[in-house]
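To keep things clear, I will list the structure first and then write my remarks on it.
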Amino acid sequence: MITKTTYGYSIYNKNIFLNIVFYDDYIVRFVYTKDDKLPESTPAIIAKQQKIPAELDGNAIKTDLFKILINEEDLKISIYDINNNLINKDKGINIDEIEIEKELLWEKGFYGLGEKYGWINKKGTDTVNWCSDVLGHSPVHSAVVKEYHTAIPFYIGLDSDKTYGIYYDNSFKTYFDFGKYKENVVRVKADGGILDYYFIYGEKVSDIVKNYSLLTGTMPLPRKDFLGYQQCRWSYENRKELMEVATRMRDENIPCDILYLDIDYMKDYKVFTVDSEKFDEFKEMNMKLKEMGFKLVVIIDPGVKQEGGYTVYDEGTKNDYFVKDALGKVYVGEVWPGDSVFPDFLRSEIREWWGNLHKGLIDDGVDGIWNDMNEPANFTTDTKTLPEDCIHLNDKGEKKTHDEIHNLYAMLEAQATYDGLRKLQKTRPFVLTRSAFSGTQRYAALWTGDNTSIWEHLESSMPMFMNLGLSGYSFIGGDVGGFLGDSNGELLARWTQLGVFTPLFRNHSVKDSIDQEPWCFGEEVLYNTRKYINLRYKLITYLYNLMRESSLTGQPVMRPLFYHYQNDEKTYDINNQFLFGENIMVCPITRPGYNNRLIYLPEGLWYDYWTQERIDGGRYIIREADINTLPIYIKAGTILPMDEAMDYIGQKEGKLEINIYTGNDGQYKLYLDDGISFNYENGIYSEVEIKVEESDEDIKIQTTVLKNEYQIPSFDINIIGLEDGKKVLLDRKEISKYDDSEFKIRF
Ligand code: GLC
């Protein structure tokens, strides 16, 4: 019998309840339980249940968008779209094994699943979601490793006219198989918990990503200056070394905003301490760095050194804040500080305590926090993490074993850090994390962990980034130049070129490897990296706008081509090109000694960014690309703001150049705010809409100030690709708050 409930329907058969619950017109949850209670969701879920117009017709639930057909005998469901196309169909359900099989119907591609090695399209592959310190159990990131730093149990099925997403809300170890072991079967399984998943409907892949973001949240708008170039190293060992790097950046005219301190800044690797011998006058150093335009990020690992007399350990012990072993004693593992204990971030009281511990660092002028080893990593066990039977306690005082909390651990730590910084700083917090679960985008940017300085890792980072983007993660990047092993000039140059288009743009390398700052490989590499880091700064306002969009809707910054060309199947397996926003296509060189590459230009008219040559798409082309050239294409109709050159963000009140790539009508909404505070939450920002319409005779450019609560810089407008004889009409529309002196168009 199918019965109506407040937010959906419930079906009971053979001692099993299937609860169907709506969260939005496009999001419906299916939960199989042995009692009629709706289980608690993981902290990934932020959406609320909703009353959605739906009617029961026999054994079908019909909404305005789709129809769910229920087999009351075996509780299997099939989902049809409004035109009666079959979208998704159960093949088998095994409640005891927490396993569901779906028929692989029409899907030509499967995507998502966060950070995974391998090609972008996961069809024919399988994977496991269990947050892991990859180098703890593998010498190198590779396709045979399934368990990466993140666990994001979400995938998208795709074809040209159909798509959907499935988010499996289960924090235990989960297994996904896209037709690898059983032909035409998609299998999802968990090691514990219950069978609880959300079906996300949409017509386009972008709808799925946006709806997944409604379910699990979007990233908060980051500080604009954290989109600048970031330089890291394990480790800048002392104050002198760090200041030398800072000075050299300015001397070599390498724009740079962010510097990092890795674990060696601490006293004996004790978190929340600073080694005052190596970093004497730490606060003064930070003030000096700020004067030079730098912001400092320091690393904080979750492992707390087990040492009496060390405040963090003593406080945590006194208050019973650390994870216990199966026998109820505080679990002691080993990380950098030696014997270490692990805060139980599951409880809000402990998260608050941890957040407040950052006060000293923030008072000393630290600007951001880097959360590493938070899978959590542990050197003493075979699994390189905490034993699965370790005990956590939640806010209700209920015991939870580590196998359930493991995949959430980093997210809970990131939440603690973000919330702490939000209280301690006036500025927007910056938290960088290695490990993540669905929803962690709400608290932290993410880097893809310990890659190696090899060409394969430059290439394989692209599908990883694109799938992270489809999994709700926009503020992402990898270690530019490669982390493990020694980099080289050509590799660093090519990696920096890709880094320009990753929202997190950080060069980082392992201890005892050769240095890989931009000046370490001779004049040509220095020239080359400087040129591309400068390009990043020219694109800062454009990138900031993409981040703003992402913070509102979850749209990724780095997008696979099929994100905007879903009806072109040739795009489904493109791993080594991506879109930066909708209209800029980036085609990195990822092989040594290559001076050209094959490029697929999707349909439409494109411009070569460097030569401004116009090229018709819908075909493959070969582009020459010496070491100084990263092929970039701009779609006709693009309105591209570009910044003036700068050493760091906020250095000067620059002018914007608005480049209009003709050949198509275009529209762009430019968002501007102070880039650092939360004033935008109170409406203190500006928005200017720029519209370009082309006819046979002329091009009309219309600018409309939609909101003017923050300063609007002066613009220069460049018309690109204008052919002889065309007139340009500039039409300025004013609104009441518009202040003429602030808004100039020179033409
Ligand atoms: C881990 C991190 C790496 C860091 C190192 C030392 O390997 O992934 O980025 O440099 O630990 O803290």
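Against the empirical curve 2.2 N^0.38 Å, the C-alpha radius of gyration of the range 511-586 lands at a ratio of 1.46.
Write down the Å³ per residue value for the convex hull defined by the alpha carbon atoms of the range 2-216. Present the calculation step by step, with values, prior to reporting the outcome.
Values: hull volume 25.0 nm³, N = 215.
For the range 2-216, the hull spanned by Cα atoms encloses 116 Å³ per residue.
A straight Cα-to-Cα reach below 19 Å connects residue 324 with the lysines 305, 384, 396, 399, 400, residues fewer than 8 places away in its own chain not being considered.
The listed residues 327, 135 rank as 327, 135 when sorted by accessible area, largest first, using a 1.4 Å probe.
What accessible area per residue comes out for the chain, rounded to a whole number of Å², with a 1.4 Å probe? Provide the component values of the computation, followed by the final result.
Values: 27230 Å² over 747 residues.
With the other protein chains kept in place, the chain gives 36 Å² per residue.
Pairwise alpha-carbon distances in the range 398-534 exceed 23 Å for 43% of all pairs. Beta bridges assigned by DSSP with both partners in the chain are antiparallel in approximately 75 percent of cases. A viscosity of 1.002 mPa s and a temperature of 20 °C, combined with the Kirkwood radius over Cα pairs in Stokes-Einstein, give a translational diffusion coefficient for the range 326-465 of 131 µm²/s. For the chain, the Kirkwood hydrodynamic radius comes to 27.0 Å, computed from all pairs of different C-alpha atoms. Please give the Cα centre distance for the range 436-497 versus the range 175-216, rounded to the nearest Å. The range 436-497 and the range 175-216 have Cα centres spaced 24 Å from each other. Give me the percent of Cα-Cα pairs in the range 18-70 that sit more than 19 Å apart, rounded to a whole number. In whole percent, the share of Cα-Cα pairs in the range 18-70 beyond 19 Å is 32. Legend: translational diffusion of the range 562-607 by Stokes-Einstein, Rh = Kirkwood radius over C-alpha pairs, 4 °C, 1.567 mPa s; D = 110 µm²/s. Taking each of 146/270; 48/359; 669/700; 108/210; 76/180; 34/173 in turn, the alpha-carbon distance tops 25 angstrom for 146/270; 48/359.
Give the peptides 587-595, 214-222 in descending order of average Cβ contacts within 10 Å, highest first.
Working: 587-595: 16.8, 214-222: 21.9.
Going from most to least packed, we get 214-222, 587-595.
Computed with a 1.4 Å probe over protein heavy atoms only, the accessible area of residue 452 comes to about 20 Å². Sorting the segments 708-716, 424-432 by their mean number of nearby beta carbons within 10 angstrom, highest to lowest, gives 424-432, 708-716. The 3J(HN,Hα) values that the Karplus relation (6.51, -1.76, 1.60; θ = phi - 60°) gives for the range 634-643 are, in residue order, 10, 6, 4, x, 6, 10, 10, x, 10, 8 Hz. Gly and Pro appear as x. Computed per residue of the chain from DSSP H runs no shorter than four, each worth -39500 (n - 2.57), the mean residue ellipticity at 222 nm is -5500 deg cm²/dmol.
For the range 21-114, the fraction of C-alpha pairs farther apart than 20 angstrom is 47 percent. Membrane-span-like helices in the chain, defined here as complete DSSP H runs extending at least 27 Å along the helix axis by their C-alpha atoms with mean Kyte-Doolittle hydropathy no lower than 0.0, are absent; this is a sequence and geometry rule, not a statement about a membrane. For residue 295, the residues whose amide H sits under 5 Å from its own are 258, 259, ignoring neighbours fewer than 5 places away on the same chain, with H placed 1.01 Å from N. In the range 610-675 the Cα-Cα distances spread across 5 Å bins starting at 0 as 3, 12, 18, 18, 17, 16, 10, 5, 1 percent of all pairs.
The values are calculated or read from the model by the stated rules, or taken from the named source; none is laboratory data. What you see is a predicted model, and the numbers here were worked out from it, not measured in a lab. FYI the Cβ positions are ideal-geometry reconstructions off the backbone, even for glycines, and counts take in every protein chain you see. Side chains are part of the model used for accessible areas, which takes the heavy atoms of the whole protein and leaves out ligands, DNA and RNA. Shrake-Rupley method; radii C 1.70, N 1.55, O 1.52, S 1.80 Å.
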